[in-house]
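Below you'll find the structure, written out as C-alpha cells, and then a few comments.
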Amino acid sequence: MSRLPIRARLTLAFALAMAVVLAATGALVYLGLRSALDEAIDDSLQSQVEDLVAGQSPQANSDESRAQVIDGSGRVVGEPGEQPLLDLKELARVEPGRELRLERERVDGIDGRARLLATAVDGRVVVAAASLDDRDGALGDLVGQLLIFGPAALLLASLLGYGLATAALRPVEAMREEAATISGAEPGRRLSIGHANDELGRLGTTLNDMLERLDGALEHERSFIADASHELRTPLAVLKAELELSLRRPRSAEELEAALRSAALETDRLTQLAEDLLVLARSDQGPLALRREPIVAERLAAEVAERFAAAGRPVEVDVPVGLGLSGDRVRLEQALGDLVANALEHGSGTVRITGAEENGRVELHVLDEGAGFTPAFLPRAFERFTRADEARSSGGSGLGLAIVDAIARGHGGSAHAANRPEGGADVWLSLPR
C-alpha cells in the first residue's frame, strides 16, 4: 500500500469511504421502504380486523388476503369446512387487549409468504392475513437497482476522486520537477511558490528556507576549503623553497642546518594547522568527544601561564581559590592556551588570566593591554580563517578563536570577545559548572 502513488492511495481511500456511504445509504433506503410497506400492510390488516369486530362483512377472501373469526375450539365461525389461519399454538399466544403480528412462509388460500394480524375479542380470535408478494417484489426491485446504480455511482465517485487528487497534487509534482533541476552550480535559485498562503505555499517556503541554509553551508564549505588550501599552500611553498635553495649548490653544514631548522618550523606549522582543521571537522560532525573530570580553575590557569613563562612578557593569574568546574582538561588547556598565545602575539603589556562565577557558570577571561579589536572584527571574531586588521594580525591561520569557540560549545558553553573600556582585549570562556 505504501508503494502506491499518493494519488492512488487517496483515490482508494475516497472509494472506500464512498463504498461505506453508499452501502449505508442503500441499507437505510431498504429498511425504510420495508418499514413503510409493512406499515401499509398492517394498516390494511387492522382495517379488516376492525370491520370483523364491528360485525361488518369482511372483504371477499382471495389469494391476496383473507379474514376469519376463530372460536375457542379452533374452528372458523361461519365456515365449518375452512382451514383456520392460525394453529392451536398460535391461537394460545393471542391475548385479550394485545395484537399478534407474525409472518409465515405459507398460509392456506394465499400465494407465497403472508403477514397475519390477530386479536382476541369475547373469547374469539379475529385474524386477517395478506400476501407479501408485492412487498417482496418491491424490495427485490430496489435491491436490483441498488446493485446496478451503486457500483456505477462508486466508479464515477472514484474517477472524480482521482481527478481531484491529481489536480491537488499537480503543484507538488511541478515543485518536485523544479527542485530536481536545482544544483550547487546555481546558488541562489529558489522554488517558484507564487503568492499562495495554503499548505503548498508554506511547503514551498519551508523548502526555500532549507535551500537558503544549504546554500549558506555550501558557501561556508567552499570558503573553508579555499582558506584551508591557501593556509596549506604557504608553508608548503616555503618548505619547497628552502629545500630547492639547499639543493641548488653545495652548502656548508651551518647553511644546511639552518635550512633544515626552517623546514622543521614549517612542518610544525603544517602539523598544527592539520590538527586545528581536524578539531573543527570533528566539531562539525557533532559534539566533541570529551573526557570530563573535576577541574580546579586556579590550577588550570596556573598551568597554562607556566607554559608561557619564557614568552618574554608576564602572564598573571587571578582566579578565586575553590572555583571549579567539570570538563576535559586537555581541551580546556588548549582553548585557554590559544587565548593567551593570541594575547601575547597581538596584544601588549601584561596578559592576565582571571576567573569568576556568573549565574551558575564559570567564566575564564584572558585580558591584554593592546589596541583591542576593531569594531568590524568583533561580530565575526570566532569565524574560521578570520583575522583582525594589520594592527592586530601578523601571520597565523585564523583558526585559533574558532577552535576556542568549538571547545566551549563542546562543553555546553560559549566563547565571547570584547574591548576593555580602559584599553586592550577581553576574550573569555563561559562554561557550566
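Across the range 24-65, what is the number of residues that are part of a helix (DSSP H, G or I) and free of Cβ contacts under 8 Å to residues at least 40 places away in the same chain?
Step one: filter the range 24-65 for residues part of a helix (DSSP H, G or I), giving 24-53.
With the extra rule that they be free of Cβ contacts under 8 Å to residues at least 40 places away in the same chain, the set shrinks to 24-25, 27-28, 31-32, 35-36, 39-40, 43, 47, 50-51.
Qualifying residue count for the region: 14.
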Quick check, is SER73 over 20 Å from GLY55 (Cα atoms), buried (at least 19 other Cβ atoms within 10 Å of the Cβ), of a type in the set (S, T, N, Q) and out of contact with any Cys (no Cβ under 7 Å at 6 or more places or on another chain)?
no
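Being more than 30 Å from LEU156 (Cα to Cα) and surrounded by 13 or more Cβ atoms within 10 Å (Cβ to Cβ): is that true of LEU33 here? Give the steps one after another, and end with the answer.
Working: more than 30 Å from LEU156 (Cα to Cα): no; surrounded by 13 or more Cβ atoms within 10 Å (Cβ to Cβ): yes.
So LEU33 fails the test.
Is it the case that some residue within the range 186-196 is hydrophobic (A, V, I, L, M, F, W, C) and surrounded by fewer than 12 Cβ atoms within 10 Å (Cβ to Cβ)?
Taking the range 186-196 first, the residues hydrophobic (A, V, I, L, M, F, W, C) are 191, 193, 196.
Then keep just the ones that are surrounded by fewer than 12 Cβ atoms within 10 Å (Cβ to Cβ); that gives none.
Checking the range 186-196: not a single residue is hydrophobic (A, V, I, L, M, F, W, C) and surrounded by fewer than 12 Cβ atoms within 10 Å (Cβ to Cβ).
Which ones in the range 1-30 are of a type in the set (Ser, Thr, Tyr) and open to solvent by less than 80 Å² (accessible area, probe 1.4 Å)? If you could, list the steps in order and put the result at the bottom.
So in the range 1-30, the residues of a type in the set (Ser, Thr, Tyr) come out as 2, 11, 25, 30.
Correct list: THR11, THR25, TYR30.
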For residues that are open to solvent by less than 70 Å² (accessible area, probe 1.4 Å) and either over 24 Å from ARG98 (Cβ atoms) or in contact with a Pro (Cβ under 7 Å, 6 or more places away or on another chain) (or both), tally how many sit in the range 37-60.
3
Selection from the range 169-185 of residues that are open to solvent by less than 50 Å² (accessible area, probe 1.4 Å) and either in contact (Cβ under 8 Å) with a residue 40 or more places away in the chain or farther than 30 Å from LEU16 by Cα (or both):
LEU169, GLU178, ALA179, ILE182, GLY184
Going by what's in this entry, would GLY112 be described as over 30 Å from PRO151 (Cα atoms), in contact with a strand residue (DSSP E or B) (Cβ under 7 Å, 6 or more places away or on another chain) and free of Cβ contacts under 8 Å to residues at least 60 places away in the same chain?
yes
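The values are calculated or read from the model by the stated rules, or taken from the named source; none is laboratory data. Everything numeric here is computed off the predicted structure, so don't read it as measured data. Positions of Cβ are generated from backbone atoms using ideal geometry, with glycine treated the same way; all protein chains shown enter the neighbour counts. What goes into the accessible areas is simple: the full protein's heavy atoms, side chains included, and nothing from ligands, DNA or RNA. Shrake-Rupley method; radii C 1.70, N 1.55, O 1.52, S 1.80 Å.
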